[in-house]
Each structure stands twice: as C-alpha cells, then as structure tokens.
Amino acid sequence: MSDHHASHHPCGEMHLLIQADLDGELEAGQSAAVARHVAGCAECAALQQRLGALSTGLRTGLPYHAAPAALREAVAARLAPAPRPRSWFGSPIRRLNEALSFGAGFAVAAAVALALVLPRGPDLTEAVVAGHIRALQPGHLMDVVSTDQHTVKPWFDGRLDFAPPVKDLAAAGFPLTGARLDYLSQRPVAALLYQRAKHEIDLFIWPGTGSGSGEGERSGYNFVHWTQGGMEFWAVSDLEQRQLEAFAELWRKAG
C-alpha cells in the first residue's frame, strides 16, 4: 500500500483498521499503513490508545465466564462467513459489521467481548464500570439525544419492562444530555447521560429492592451506588469523586 493511499484514507475506515491491527488481523503492510496514519493523526492516536487500554482491561481485569450454549449458537449463526474475496481491511471485521449492524466494526468487537465477559454474581461494580467504558467507545453513547426529561422518559416506553425516573439537573450544573438502553446484571437497564464540563456521567437504573449504597473507584473511574423508590442507581464517571457524590445527592433530592 502506498503512502499516498494511506494518507488519504478516511478516518472512519481507519478506525476499523486500528481495531483490526490491535486484534492481530492485518498483514504487515496494512499494519505499517495504520502506524503511519496514527503517527500523523491525533484523533486516531487517541482512539488507538483507548482501544488498547480497553483490550488490556478485558484480558486482565475481568473474570471470564462461559457463555450459555444458546448464546454461543446464536452468535456463531450470525457470524457464519459468506464466500467473498479478502477485503482491504480484513473480512472478519466486515462480517461483524454487516452481520450485527452496529456501525463501526471495532465497537461491535468491544460490545460482543464485554457482553461475554460481564461478571455474573457479586462483583456488579465491574459490570457497571465496564458498561460505562463500552459506552464511551464511538457509536453507542446515546440512543436518544435530548436535554428534555419529558422527551427522554417516554422514549423508554415499550423498550423496558419498567419506567425509569428521569430528572434534569441543569440548574445545578449537571445537564441531562440523552439516554440509551444497556444490558447489565443479566437484564436490560436504562442509562441516563449527564454532563459536567467535559465529563460524561452514566446513571444506570433498574428495579431493585436492596438497601445498599456506596462509592469508590474502579479501573480509573469513580462510582456512586444507591437505592431509592424500588430502583437501583449507579452513577459512573471520570469526574472527581466529590463532584460525582454531589451529583448523586442532588439527584436523590430532586423532585
């Protein structure tokens, strides 16, 4: 591949190549093209660093559990290879992208990997933080973008078997920016997105009858957990711990 080709390759497709390179799927020439592009592109260099850290965390930071047989069979069926010549950026990434329709191939790979290694049992903190990290990868931070709680709340109707409470804390400096569906603790959950300066805050919500609460840090991210009104709440962010605790306190007391 020529330098001219690499230098004019769109970053959107280069993102696929970066993930493929981290997964060891590229030939030497393709890997060298990625290295040349990353050396001159700050955005792609930052993405490569984030994905590398995520890959390392998946291999070393989370316990692995065998996926149920039905899930393995379903994934295998969706990823069944179709006969086609090898593409420039590698057929495995293309098959993931086309079969699962998630957009960016590296986001698919990260989402599938995280889904298969999410902890079962007591260490829910790992699962919640992993969900926040997954959402920060390009492609699935928000399903609905809105600062209006009266738009976000009804958006969940028909998508969840419960109605998550939605509050706007813009007046206190924590504006609501949107929401998405996520999957934690072996069930679908609501994720509300708030912001503080340039820091993203995920607030995960699902039904729960426990009375536990707590705060702490895991994998470089802070979290605050509480229960209220028959719901479990987990706030996760790289925001400074005291500010995240202030957000949780404001949320608990808001009408």
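Remarks
- For segment 140-183, the relative contact order is 52 percent, taking Cα pairs closer than 8 Å that sit 6 or more residues apart in sequence and dividing their mean separation by the residue count.
- Scanning residues 5 or more positions from Gly178 or on other chains, those with amide H under 5 Å from its amide H are Ser146, Leu193, with H placed 1.01 Å from N in the peptide plane.
- Packing-based exposure ordering (other Cβ within 10 Å, fewest first) of Val236, Val189: Val189, Val236
- FRET efficiency, 1/(1 + (r/R0)^6) with R0 45 Å, evaluated for Thr151 and Arg36 via beta carbons: 0.50
- Likely footprinting exposure, Val129, Val145, fewest C-beta neighbours within 10 Å first: Val145, Val129
- Residue-count net charge about His225 - beta-carbon cut-off 9 Å; Lys, Arg +1, Asp, Glu -1: -2
- Here the Kirkwood formula puts the hydrodynamic radius of segment 124-253 at 14.5 Å, using every distinct Cα pair.
- Eligible lysines near Lys253 by straight Cα distance, threshold 17 Å, same-chain separation 8 or greater: Lys167
- Taken along its principal axes, the alpha carbon cloud of segment 199-239 reaches lengths of 28, 16, 11 Å, longest axis first.
Each value in this text was obtained by applying a stated rule to the coordinates, not by laboratory testing. Fair warning: this is a prediction, and the values are worked out from it, not measured in the lab. No Cβ is skipped: glycine too gets one built from the backbone with ideal geometry, and neighbour counts run over all protein chains shown.
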